[in-house]
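Only the coordinates and a few stated rules stand behind these numbers; no lab work does. Just so you know, these numbers come straight off a predicted model, no measurement behind them. Glycine gets a Cβ as well: all are built from the backbone with ideal geometry, and neighbour counts include every protein chain shown.
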Amino acid sequence: MKKSAKSAGNPDHPREIRRKLGLNQQQFWPMIGVTQSGGSRYESGRRMPRPVRELLRIVHVEGIPLPQVRGDDFALVHYLKKSRPGLYRDLKTAAQRDRKSRK
């Protein structure tokens, strides 16, 4: 099976995330509330809704365990990003540096 240009080598693509985890579509997509057929469409290039994209990014790209993801955390980040963009950027950069140093 030929990989699409968008997914080939792109670790953020949902197909690559799923394959990295060693799961088939029927195992992977229902874990985040998406049907297998819906997930298949996303893997084939159909636009993914933002909440699904963000969940994949947070859990599988950023590596934050799902139980740690809370709505009030998102509200705080949104507020900080909007009201103090400089501080938000500084904190984001520091967090990324910290995460890289732990690898």
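Using 0.36 nm per residue and subtracting the Cα-Cα separation, the extra length available between SER37 and ARG99 on full extension is 18.9 nm. Placing R0 at 25 angstrom, the Cβ-Cβ distance between LYS81 and GLN26 gives a FRET efficiency of 0.10 after rounding to 0.05. Could you work out how far the C-alpha centroid of segment 33-60 sits from that of segment 76-103, in angstrom? So the two Cα centres are separated by 25 Å. Among the listed values (1) 14.9; (2) 17.9; (3) 15.4, the one computed from these coordinates for Kirkwood radius over Cα pairs in Å is (3).
Say R0 is 30 Å: what FRET efficiency, to the nearest 0.05, do LEU66 and ASP12 get from their beta-carbon distance? The pair LEU66/ASP12 has a calculated efficiency of 0.95. Taken about its Cα centre, the chain carries a charge dipole of about 400 debye when Lys and Arg each add +1 at the Cβ and Asp and Glu each add -1 at the Cβ. Helical content of the chain, expressed as a calculated mean residue ellipticity at 222 nm, amounts to -16000 deg cm²/dmol (DSSP H runs of 4 or more residues, -39,500 (n - 2.57) each, divided by residue number, nearest 500).
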